[in-house]
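Comments concern the structure below.
The values are calculated or read from the model by the stated rules, or taken from the named source; none is laboratory data. Note that the coordinates shown come from a computational prediction; the quantities given were computed from them, not determined experimentally. Here the Cβ positions follow ideal geometry from the backbone for every residue, glycine too, while neighbour counts run over all protein chains shown.
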Amino acid sequence: MALLEIKNVVKRFGDYTAVNNVSLAVEAGEFFTLLGPSGCGKTTLLRMLAGFEQPDAGQILLDGQDMSHVQPEKRPVHTVFQSYALFPHMTVRDNIAFPLKMANWEKSKIATQVEELLADVRLSQFGDRYPHEMSGGQRQRVAIARALVDRPRLLLLDEPLSALDAKLREEMQLELISLQKEVGITFVYVTHDQGEALALSHRIAVMSNGQVEQMDAPETLYSKPKNRFVADFLGQCNVLEGTITSLNGDSMQINLKGCGEVRCLSVPGAQVGQTGWLALRPEKVRLDKQLQAVAEEAHFRGRVHDCLYLGDVTLYVVEIGEGIFVETMLANSIPGVAKFFDDNDCVEIAWRFDAGSFLTE
Ligand SMILES: Nc1ncnc2c1ncn2[C@@H]1O[C@H](COP(=O)(O)OP(=O)(O)OP(=O)(O)O)[C@@H](O)[C@H]1O
Ligand SMILES: [Mg+2]
């Protein structure tokens, strides 16, 4: 049985539906992420798990028990928010001990437990400091330690790293991964940052407009998006319109608008004449002055329309038909060279027939 089960949950504010019939299950020990653009209902769903909001319909079960009449403080669930809500007049140690004192734990047991949590978040040296004497990342680690100190079944994290700068955020992401492994507590994590979701999660639910669009492991979401919203939201993606012209078992031919015929992987229910979009990640597209034609590959000539230097890689936008652009990237592997091609250079691109996925919605 899953640790957390959300069944057909609906939440309305007036006549606006913020969460629209969401169902999902989270296994014990999982790092599960709700990912989606601003306003799609992530925080609202999390607040219902914590018990701060009541669903208008549907059920939330924890360990098989219906939570609808369980008060927030009685749920084995804690929440870490974006802003570290620490008590400013208490030391780090007292901040972490606070929930245990409230629960009337024995003094010696509190001390042992707090030291263990300090070690878990790598702050053993900082127990006597006050919050204002610590960096943002350290304060957020204290908030996480405090939320974990009485070993909840479920930890909810609502954009806990979004107030940190990029470098610190990356460090904290690595720490969160190892912390979650160490403590073995189930995390439900909310973010609108797709990179963060891909890096941290065992599974991700991509949300839009209060609904779950797709729920899968990061690599499946990235390589096999179900629809254009998911393809587009999870990183750079070329989306090329096309019509199916023939079906040949596992693969099919499509006529890409303005470019011509290419082969791609077939999709369930595909029919000749059906229109859709080939979703193709830029890193799956080869680019060179000239490319040897290979049987498994689609192959086009084009012109560089734009280049975008990104440091580690440069993104090239290649026009392969009138008004039809394909983005591709090359690693900047030669020291001091920022790009291999310039605007208007004649180039060739190619991709394997199984590199993209054909989307019908
Ligand atoms: N208490 C409320 N009263 C009225 N509308 C609300 C309330 N809380 C949330 N909403 C609306 O519900 C929708 C979902 O809000 P929610 O906070 O869940 O989004 P989110 O996905 O967490 O967005 P963000 O990434 O910006 O935090 C939004 O349109 C929001 O304006
Ligand atoms: Mg939110």
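Taking the stretch 193-209 as the search range and keeping residues that are over 22 Å from Glu27 (Cα atoms) and in contact with a Ser or Thr (Cβ under 9 Å, 6 or more places away or on another chain), which one is nearest to ligand 2 (Cβ to nearest atom)?
Per the stated criteria, the residue is Asp193.
Is it true that some residue in the stretch 41-56 is of a type in the set (A, V, I, L, M, F, W, C), crowded, with 21+ Cβ neighbours inside 10 Å and touching a Gly at 6+ places or on another chain (Cβ under 7 Å)?
Checked the stretch 41-56: no residue is of a type in the set (A, V, I, L, M, F, W, C), crowded, with 21+ Cβ neighbours inside 10 Å and touching a Gly at 6+ places or on another chain (Cβ under 7 Å).
In contact with an Asp or Glu (Cβ under 6 Å, 6 or more places away or on another chain), assigned by TED's automatic domain parsing to the domain that holds His132 and assigned to a helix (DSSP H, G or I): which single residue out of Arg47, Arg93, Arg12 fits that description?
Just a single option satisfies the conditions, and that option is Arg47.
How do the pairs read when you match residues in the stretch 197-213 that are in the same structural domain as Glu175 (by TED's automatic domain parsing) with residues anywhere that are aromatic (Phe, Trp, Tyr) and not in a strand (DSSP E or B), using Cβ under 7 Å and keeping only pairs 6 or more apart or on different chains?
What qualifies is Leu198/Tyr222; Val206/Phe233; Ser208/Phe229; Glu213/Phe229.
When you check Pro55 against the structure, is it in a loop (DSSP other than H, G, I, E, B) and away from ligand 1 (no atom under 16 Å from the Cβ), yes or no?
Spelling it out, it is not the case that Pro55 is in a loop (DSSP other than H, G, I, E, B) and away from ligand 1 (no atom under 16 Å from the Cβ).
Take the residues of the stretch 24-44 that are in a loop (DSSP other than H, G, I, E, B) and under 20 Å from Gly58 (Cα atoms): which is farthest from ligand 2 (Cβ to nearest atom)?
Glu27
May I ask you to list the residues in the stretch 50-81 that are hydrophobic (A, V, I, L, M, F, W, C) and either closer than 20 Å to Leu161 by Cα or not assigned by TED's automatic domain parsing to the domain that holds Asn8 (or both)?
Across the stretch 50-81, the qualifying residues are Ala50, Val77, Val80, Phe81.
Restrict the check to the stretch 146-155 and report whether at least one residue is under 23 Å from Leu45 (Cα atoms), at pLDDT 95 or above and within 16 Å of ligand 2 (Cβ to nearest atom).
no
Which one of the conditions (1) at pLDDT 95 or above; (2) more than 16 Å from ligand 1 (Cβ to nearest atom); (3) buried (at least 16 other Cβ atoms within 10 Å of the Cβ) does Leu86 fail to meet, given that it meets all the rest?
The single condition Leu86 does not satisfy is (1).
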